[in-house]
Amino acid sequence: MTRDDLLNLFRRSGALLEGHFRLSSGLHSSGYLQCALVLQHPADAEALGRALAERTRGLGATVVLSPALGGIVIGQEVGRGLDVRAIFAERQEGTLMLRRGFALADTDRVLVVEDVVTTGGSTRETLQVARAAGAQVVGAAAMVNRNSGPRADLGVPFTALLDIALPTYEPTACPLCAQGVAVVKPGSRPVVA
């Protein structure tokens, strides 16, 4: 998939949004990628997962671990593409952890898969879940790296299908707030305090 193919896919599905958004990191932005709108179409989800699987195959992952909620669908599709199991971590009382009987062992080679990476906070937290379980983390991957600056340093190899610079602002320096534009909190994660 080329960059133009990916952008067209996001636009066609209505997943590339413009407005005034409060991100999970607490930052504000004029753009948002609602990956669930792309992933609702099984053929597109499968194609994106296959593309990420091909980019990460050389890492030798034996399991894909994704954070709930946004990473579950793409993580499942990457797991399918790599022919490895795909599990997810979810929050319980604010802490990301393995639940539902999911487990990792010291013989597992974990690839963390996300839908979108902005600051890398959620990805780092998911990497820590794998490490705390004793597994070896071999890399991280995302459909989209939306960082407007340099890529987040995750301490492991990181790949994304699409790099797109969508500006982010501290709430106190947000030009959209200064213009009085109403802010919206999309997505499933609460804002980090």
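Can you give me the accessible area per residue for the chain, using a 1.4 Å probe, in Å²? Before the final figure, lay out the partial values.
Values: 9150 Å² over 193 residues.
Accessible area per residue, the chain: 47 Å².
Find out how many positive minus negative residues lie around ARG12, taking Lys and Arg as positive, Asp and Glu as negative, among other residues whose Cβ is under 11 Å from that of ARG12. Intermediate results must be reported in sequence, preceding the final value.
On the way: positive: ARG11; negative: ASP5, ASP44.
Net charge in that neighbourhood comes out at -1.
Give the shape of the stretch 70-170 as rounded, prolate or oblate, defined through the alpha-carbon gyration tensor: a ≥ b ≥ c are the square roots of its eigenvalues, a/c under 1.5 means rounded, and otherwise the shape is prolate if a/b is larger than b/c and oblate if not.
Details: a/c = 1.80, a/b = 1.51, b/c = 1.20.
Prolate, since a/c reaches 1.5 and a/b exceeds b/c.
With axes computed from alpha carbons, what is the tilt in degrees of helix 3-13 against the longest principal axis of the chain, rounded to the nearest 10 within 0 to 90?
Its long axis makes an angle of about 70 degrees.
Out of the stretch 92-172, which GluC sites (Glu not before Pro) are coil in DSSP terms and have no more than 16 other C-beta atoms within 10 Å?
The qualifying sites are GLU93.
Please label the shape of the stretch 1-114 as rounded, prolate or oblate, based on the square roots a ≥ b ≥ c of the eigenvalues of the alpha-carbon gyration tensor (a/c under 1.5 means rounded; beyond that, a/b larger than b/c means prolate, else oblate). Don't skip to the answer; put the middle values down first.
Values: a/c = 2.32, a/b = 1.28, b/c = 1.81.
Taking the square roots of the gyration eigenvalues as a ≥ b ≥ c, the stretch 1-114 is oblate.
How big is D, in µm² s⁻¹, for the chain by Stokes-Einstein at 4 °C and 1.567 mPa s if Rh is the Kirkwood radius over C-alpha pairs?
Values: Rh = 16.9 Å.
My calculation gives 77 µm²/s for D.
Got a number for carbon plus sulfur as a percent of the chain's accessible area, 1.4 Å probe?
Numbers: 4670 of 9150 Å².
Answer for the chain: carbon and sulfur cover 51 percent of the accessible area.
Summing -39500 (n - 2.57) over the DSSP H runs of n ≥ 4 in the chain and dividing by its residue number, what mean residue ellipticity at 222 nm do you reach, to the nearest 500 deg cm²/dmol? Let's see the in-between values first.
Numbers: 6 runs with 57 residues, N = 193.
Theoretical 222 nm ellipticity from helices: -8500 deg cm²/dmol.
The values are calculated or read from the model by the stated rules, or taken from the named source; none is laboratory data. No experiment lies behind these values; they were computed from the predicted model shown. Backbone-built Cβ (ideal geometry, glycine too); neighbour counts: all protein chains shown. Side chains are part of the model used for accessible areas, which takes the heavy atoms of the whole protein and leaves out ligands, DNA and RNA. Shrake-Rupley method; radii C 1.70, N 1.55, O 1.52, S 1.80 Å.
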